[in-house]
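Following: one structure in structure tokens, then a few remarks.
The values are calculated or read from the model by the stated rules, or taken from the named source; none is laboratory data. Everything quoted here is computed from the prediction, not taken from an experiment. Cβ placement follows ideal geometry from the backbone for every residue including glycine, while neighbour counts extend to all protein chains displayed.
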Amino acid sequence: MDGPAPAPGGFDPADPVGYEAAVEAVGGVIAWYSSRILAERRAGATPEVLRELTLQRQACVKDRDRLEDADSQETARLFTLYTARLKELKERGSPAS
């Protein structure tokens, strides 16, 4: 077999597209939180709810920014983490729910 085996979640650390896939995964979670914040604002959510959602979104933005300098292992870890998180968030329902 040539090269390393793909990591869990289908991420291949030797694949240069891995960075783009990780950015896309993190971006999907950021978009989910952005939509949720907007929906909660429209619904009259408490400041605490909005603050928590905003903090979660900010943490995602920091992770996305960290991808710029991440090695292949960190990129794979973030890809796996955010792919799972996005799946979990989608299973909860749409941001407007």
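The residue list Gly18, Gly9, Gly93 contains one member that is modelled with pLDDT under 95, on the phi > 0 side of the Ramachandran plot and either surrounded by 15 or more Cβ atoms within 10 Å (Cβ to Cβ) or in contact with a helix residue (DSSP H, G or I) (Cβ under 6 Å, 6 or more places away or on another chain) (or both), which is Gly9.
Conditions tested, residue by residue: (1) of a type in the set (Ser, Thr, Tyr); (2) part of a helix (DSSP H, G or I); (3) over 16 Å from Ala31 (Cβ atoms).
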| residue | (1), (2), (3) |
| --- | --- |
| Leu55 | no, yes, yes |
| Gln58 | no, yes, no |
| Asp63 | no, yes, no |
| Glu68 | no, yes, yes |
| Thr75 | yes, yes, yes |
| Thr80 | yes, yes, yes |
| Thr83 | yes, yes, no |
| Leu86 | no, yes, no |
| Leu89 | no, yes, no |
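Is it true that Thr54 is out of contact with any helix residue (DSSP H, G or I) (no Cβ under 8 Å at 6 or more places or on another chain), at pLDDT 95 or above and of a type in the set (Val, Ile, Thr)? Write out each step before concluding.
On the way: out of contact with any helix residue (DSSP H, G or I) (no Cβ under 8 Å at 6 or more places or on another chain): no; at pLDDT 95 or above: yes; of a type in the set (Val, Ile, Thr): yes.
When the stated conditions are applied, Thr54 does not pass them.
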